[in-house]
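Accompanying notes for the structure given below.
Read-outs: derived from the displayed coordinates by stated rules, not from any lab. Values in this document were obtained by computation on a predicted structure and should not be read as measured data. Don't worry about glycine lacking a Cβ; one is built from the backbone with ideal geometry, like all the others, and counts go over all protein chains shown.
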Amino acid sequence: MLNKVVIMGRLTRDPVVNQTQTGVAITRFTVAVDRNFVRKGEERQADFINCVAWRNQAEFIGRYFAKGRMIAIVGNLHTGSYDKDGVRHYTTEVYVDEVSFTGEPRQNGESVYQPAYMSNNAYQSNSNNSYQQQNRSSSYGNSNFQQPDDSIDIGKLDDFEVFNDDGVPF
């Protein structure tokens with residue numbers, strides 16, 4: 001059997017992380033996903049997909065995502081039903097297995113994802129899977145750490161030998 005859902009869209013509100021009675025983190029949120037087509041003379045429509053994240057994914061989403069931010073999710077579809085005032089209601093939700101940034105720029109122009117060596121801060125996971133922000137120099141154990149130089153010195157073009165294509169079999 002296969003039950004796999006992959007969606008990418010924008011959060012409709014800020015996710016709120018709650019705790020179950022046993023202390024498990026949970027967040028419920030809705031993702032607005034644009035449809036792939038637009039009918040002539042109409043605006044683009046969106047589907048609003050209810051999602052549920054548990055434990056580490058719930059904490060991660062609550063910490064790093066907000067209303068209007070793009071989010072990518074891989075999960076599985078859960079359906080259910082309940083009775084309210086004598087009327088049966090049906091539910092469909094995506095239970096989150098994986099969550100990812102989309103690479104969309106932040107409000108202040110920074111990239112959502114940057115390798116630790118490119119940012120001023122590095123994130124390190126501790127034993128209880130919560131993220132702690134640490135000073136970059138201490139995360140590398142060297143207070144004299146410098147960011148890598150992205151410039152490339154290719155030398156002079158005169159240093160290269162010119163080849164002739166004569167006699168090359170391909």
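A few comments on the model shown:
- Shape call, segment 1-103: gyration tensor on alpha carbons, a/c limit 1.5: oblate
- Interchain or long-range residues, amide H under 5 Å from Ala46's placed H: Arg35
- In a DSSP loop and with at most 12 other Cβ atoms within 10 Å, the trypsin sites (Lys or Arg not before Pro) in segment 27-106 are Arg35, Arg39, Lys40, Arg44, Lys67, Arg106.
- Kirkwood hydrodynamic radius (C-alpha pairs) into Stokes-Einstein, segment 41-98, 37 °C and 0.692 mPa s, D in µm²/s: 238 µm²/s
- Förster radius 30 Å - calculated FRET efficiency between Ser100 and Arg39, Cβ distance, rounded to 0.05: 0.45
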